[in-house]
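Okay, structure first, notes after.
The values are calculated or read from the model by the stated rules, or taken from the named source; none is laboratory data. None of the values given here were measured: they were computed from a predicted structure. Quick reminder, even Gly has a Cβ in these numbers, built from the backbone with ideal geometry, and neighbours come from all protein chains shown. Accessible surface is based on the protein model in full, side chains and every heavy atom, while ligands, DNA and RNA are left aside. Shrake-Rupley method; radii C 1.70, N 1.55, O 1.52, S 1.80 Å.
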Amino acid sequence: MNGSAQDNPALALRRGAEAQAAALPALLLAAEQLAATVQMGGHGRKRAGTGEEFWQYRPAQAGDSARFIDWRRSARSDGQFIRDREWQLAQSLNLWVDGAASMRFTGAKTRPEKAARARLLALALAVAAIRAGERVGLTGPLAPARPGRRQLMTLAAVLSDDATAQDYGAPEVIGIAAQARVAFLSDFLGDPAAVRTAVAQLADRGIGGVMMQVLDPMEEDFPFDGRTIFESMGGALRHETRQARDLRTRYRDRLAERRHLLTELARQAGWQFATHRTDTSPQGALLWLTASLERGR
């Protein structure tokens, strides 16, 4: 007796896991294609040390081993010169992608959910950073920053499974190395106190970053009119009105206030803030993310 997925929780769980696993290559492929449109610079922190590439010539000093002397360079002058090599320490990039229920919203079947767009941008950013020699991970304990392509599969798996029943998410700030960089992707429609605390803690440790607010066009335009029932994706909040148009100005004012708050929060911490709509190309958002992270180095 096989039974249906509805009657068999184990079967339903297995099918759900198989569907997620099948989606991973597609998500990673889309992220790699998107990442191909941008190029991040070399992110190693460079100074003299044990590395592979030439760094500089310097006069030999007492205590220098003779095997480090560059005799060809020394032959062109009266002194002896050491050929220093370049030492590189890979930078770390940590990502927080809001997996709360509010991120599952889309105002049209032709547009991706906010969560899907945020995952795509985060993974494309990870692809670009790993290609540039960085270590990339997620904030929190599930996927610490590591280099290499295998890490991309780990990130894709965790991001695809990162969903909670809570209406709104709060950033995690554990597992982030000092001097790392951070990218937060969320709708930032929940309590801003959690974001303020997270950014302040990271900035105090010298960690720079960016915040990208991902919104559906309906959340910006508020095109509602007449009798409307508003309900949060998690079902915890519900509001009914007979004159939705009367709320439009107040709603837009509140959204503008929230953006101003986030912009000021980012400015005070030395971070960058921007908004991305799901009806626009993800390429522009990825270009902004990479450029802003470069400026914040």
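Key figures
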quantity	calculated
Condition check for residue 156: open to solvent by less than 70 Å² (accessible area, probe 1.4 Å), in contact with a His (Cβ under 6 Å, 6 or more places away or on another chain) and not acidic (Asp, Glu)	no
Among (1) open to solvent by less than 60 Å² (accessible area, probe 1.4 Å); (2) more than 19 Å from residue 113 (Cβ to Cβ), the one test that residue 285 misses	(2)
Given (1) at pLDDT 95 or above; (2) aromatic (Phe, Trp, Tyr); (3) open to solvent by 30 Å² or more (accessible area, probe 1.4 Å), number of the condition residue 188 does not satisfy	(3)
Top-ranked residue in the range 205-223 [being open to solvent by 50 Å² or more (accessible area, probe 1.4 Å) and in contact with a helix residue (DSSP H, G or I) (Cβ under 9 Å, 6 or more places away or on another chain); ranked as modelled with the highest pLDDT]	221
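To keep it simple, each residue is scored yes or no on (1) hydrophobic (A, V, I, L, M, F, W, C); (2) over 27 Å from residue 36 (Cα atoms); (3) surrounded by 23 or more Cβ atoms within 10 Å (Cβ to Cβ).
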site: 125; (1), (2), (3): yes, no, yes
site: 128; (1), (2), (3): yes, no, yes
site: 137; (1), (2), (3): no, no, yes
site: 142; (1), (2), (3): yes, no, no
site: 148; (1), (2), (3): no, no, no
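Here is a yes/no grid of residues against (1) in contact with an Asp or Glu (Cβ under 8 Å, 6 or more places away or on another chain); (2) open to solvent by 60 Å² or more (accessible area, probe 1.4 Å); (3) of a type outside the set (Phe, Trp, Tyr); (4) at pLDDT below 75:
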| residue | (1), (2), (3), (4) |
| --- | --- |
| 242 | no, yes, yes, yes |
| 246 | no, yes, yes, yes |
| 251 | no, yes, no, no |
| 258 | no, no, yes, no |
| 261 | no, no, yes, no |
| 266 | no, no, yes, no |
| 270 | no, no, yes, no |
| 273 | no, no, no, no |
